[in-house]
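Let me begin by presenting the structure, written as structure tokens, before commenting on it.
Derivation of every value follows stated rules applied to the coordinates shown; laboratory data play no part. Since we're looking at a predicted model, the values are computed, not measured. Methodologically, a virtual Cβ is constructed for each residue, glycine included, from the backbone with ideal geometry; neighbour enumeration extends over all protein chains shown.
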């Protein structure tokens, strides 16, 4: 996605949403990582760290785009 095309308010909203998603993913990982009891939970435990990595990458890009908008 071209984050630079978003307006300042949209970038701030996306940053907030991404931060919230990262926090929820970390909470989910804590819940299922200790000892997954089903195959589905095993998949969640295995895939959630990858999701967090992608979200953190997106967050960095969003923050960089916002910095460019606010400090041209």
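When residue 27 is tested against (1) surrounded by 12 or more Cβ atoms within 10 Å (Cβ to Cβ); (2) part of a helix (DSSP H, G or I), just one condition goes unmet, and that condition is (1). Scanning the stretch 32-39 for any residue that is out of contact with any helix residue (DSSP H, G or I) (no Cβ under 9 Å at 6 or more places or on another chain), closer than 25 Å to residue 66 by Cβ and surrounded by fewer than 12 Cβ atoms within 10 Å (Cβ to Cβ) turns up nothing. Could you go through the stretch 56-67 and let me know if any residue there is without any contact (Cβ under 8 Å) to a residue 40 or more places away in the chain and outside any helix (DSSP H, G or I). No, the conditions are met nowhere in the stretch 56-67. Among the residues of the stretch 40-61, those that are in contact with a helix residue (DSSP H, G or I) (Cβ under 8 Å, 6 or more places away or on another chain) and closer than 26 Å to residue 2 by Cα comprise 48, 49, 51, 52, 55, 56, 58, 59, 61.
Taking each residue of the stretch 41-52 that is farther than 13 Å from residue 22 by Cα and looking for partners that are part of a helix (DSSP H, G or I) with beta-carbon atoms closer than 8 Å, six or more apart or interchain, yields 41/32; 44/28; 44/32; 45/29; 45/32; 45/33. In the stretch 7-21, the residues that are in contact (Cβ under 8 Å) with a residue 12 or more places away in the chain form Cβ pairs under 7 Å with partners that are outside any helix (DSSP H, G or I) and surrounded by 11 or more Cβ atoms within 10 Å (Cβ to Cβ), at six or more places apart or across chains, as follows: 14/6.
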